[in-house]
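Have a look at the structure below, then the notes.
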Amino acid sequence: MNAVPGEGIRNNFSQPFWIYPPSPEPSTSGWTMKRVSGGITNDLYLVNHDAVKVGCEGEGVLIRLFGAEGMINRDNETSAFACLCEDNVAYKYLGRFGTPPTAGGGRIEGFLKGYAPLEKEDFADPDTSASIALEMCKVHNFTPNDLLKEFFGAESNLFPELATWLRNAKEAVQKSTFKTPEDNERANKLDIDAVGETIEKYKQQLSAFSPPPEIAFCHNDLLAANIMRNKDKAIKLIDFEYGGMNYICFDIANHFNEFAGGTDDSKPDYSLLPDIGQKTKFINTYVDAKVAPDCVKVEREEMVQTLLGQVGVFEELNHCYWGLWGVNQGNSEGTGEFDYLNYAKARFGQLK
């Protein structure tokens, strides 16, 4: 569905544009646009009109201008997002503008009226945590269609992606390609070689896992800002741009690490990480949603304990993942608006 008739959005809103339904005389009169707070990868805007119903049920549309140049294939990501919307896992894909697969352009989405992003402190609430576990299970139960299977394959891309990000980070540090001399100096103090050793250690351990970790479509980025909640406490997950086939224990580990926050100020507070009791409750809720009602109690408990053990291993890999992401983002975008290098340092500081 193409929700942007005519010439659509041009020059990042510097020209008149109109959104579904089309008007015979497009005009800037009556339109409102405001920046929406959220993640640090993209720029988000809510667009509405004071007289014309725009988007879905008249609640306006969300315009997403893509960031993370070169790190996300937007063709694959947008195709996945559209399919997730069809399965009612994600919320309303309306269209896309711009053509490069890894840079530029953006997407038009439905706006979740009445919802607000969680704060990291909300994760400690048992009811909220249980709702997140249920929504995560829904994502993992999503079955990619044949097109997405061609994009993502059936295996996890975690270690190939880590290898690419590690290589890029090492090259950026070795060639001192960061935006400022100070950033080059800070990046050079990061022990990237130790990160590579950690990745290789867990890659070898993974082959000995019995049973092997389950692979499914994963969100991979369930931080507080990507989890929306309304006044009735209903939960909706957003921003699937890092989604793909992965180990479900990585997705759970990632969410546990996000209890610490840090994507607003580059300073995660690891005193907020969930304890074993919180982790067990989350995984129990997840497993209850995943298994058949007649599942034998012993088998169910084995699944819980297996996931707990696997998640413990993948928590460190997750720090490697987002630490390398921070190094590469700091190299490509600089650290003026967000201190990616400080975030990377904090992530790497959790490695044992």
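The values are calculated or read from the model by the stated rules, or taken from the named source; none is laboratory data. What you see is a predicted model, and the numbers here were worked out from it, not measured in a lab. Cβ: placed from backbone, ideal geometry, glycine included. Neighbour counts: every protein chain shown. To get the accessible areas, we keep the full protein, side chains included, count just its heavy atoms, and leave off ligands, DNA and RNA. Shrake-Rupley method; radii C 1.70, N 1.55, O 1.52, S 1.80 Å.
In whole Å, largest first, what are the principal axis extents of the Cα atoms in the range 124-238?
Extents along the principal axes, in whole Å: 50, 37, 30.
On the protein heavy atoms, probe 1.4 angstrom, tell me the percent of accessible surface of the range 244-352 carried by carbon and sulfur.
Numbers: 2210 of 4330 Å².
Result for the range 244-352: 51 percent of the exposed heavy-atom area is carbon or sulfur.
With the other protein chains left in place, how much accessible area per residue, in square angstrom, belongs to the range 136-218 at a 1.4 angstrom probe?
Per-residue accessible area for the range 136-218 comes out at 58 Å².
Just want the answer: with Cβ charges of +1 for Lys and Arg and -1 for Asp and Glu, which residue in 157, 141, 67 is farthest toward the dipole's positive end in the range 60-206?
Value: 67.
Please work out the Cα convex hull volume for the range 174-241 and give it in Å³ per residue. Numbers along the way, then the final one.
On the way: hull volume 12.4 nm³, N = 68.
In the range 174-241, the Cα hull volume divided by residue count equals 182 Å³.
What order do you get for 110-120, 314-324 when each peptide is scored by the mean count of other beta carbon atoms within 10 Å, highest first? All intermediate terms of the calculation are to be shown ahead of the outcome.
Working: 110-120: 16.5, 314-324: 23.9.
Per-residue mean Cβ counts within 10 Å order the peptides as 314-324, 110-120.
With every protein chain present, what accessible area does residue 207 have (1.4 Å probe, heavy atoms only), rounded to the nearest 10 Å²?
About 100 Å², rounded to the nearest 10.
For the range 223-270, treating each Cα as an identical point scatterer without solvent, what Debye log10 I(q)/I(0) comes out at q = 0.27 1/Å?
Debye curve over Cα of the range 223-270, log10 I(q)/I(0) at q = 0.27 Å⁻¹: -1.12.
Roughly speaking, what is the stretch gain from residue 264 to residue 141, that is 0.36 nm per residue apart minus the C-alpha to C-alpha distance, in nm to one decimal? Could you put the intermediate results ahead of the total?
Values: separation 123, 0.36 × 123 = 44.28 nm, distance 3.04 nm.
Going from the current span to full extension adds 41.2 nm.
At 1.4 Å probe size, what's the solvent-accessible area of residue 136? Round to the nearest 10 Å².
Estimated to the nearest 10 Å², residue 136 gives 0 Å².
Which loop-located chymotrypsin sites (Phe, Trp or Tyr not before Pro) does the range 206-288 contain, where loop means any DSSP state but H, G, I, E or B and the Cβ has at most 16 other Cβ atoms within 10 Å? Please report the intermediate quantities before stating the final value.
Values: sites: 209, 217, 240, 242, 247, 250, 256, 259, 270, 282, 286; in loops: 209, 240, 242.
Filter output for the range 206-288: 209.
At q = 0.17, 0.20, 0.23 Å⁻¹, what log₁₀ I(q)/I(0) does the range 83-188 have when each alpha carbon counts as one equal point scatterer in the Debye sum?
Debye curve over Cα of the range 83-188, log10 I(q)/I(0) at q = 0.17, 0.20, 0.23 Å⁻¹: -1.16, -1.15, -1.20.
Dividing the alpha-carbon radius of gyration of the range 234-352 by 2.2 N^0.38 Å (N being the number of residues), what value is obtained? Provide the component values of the computation, followed by the final result.
Values: Rg = 16.3 Å, N = 119, 2.2 N^0.38 = 13.5 Å.
My calculation over the Cα atoms of the range 234-352 gives 1.21.
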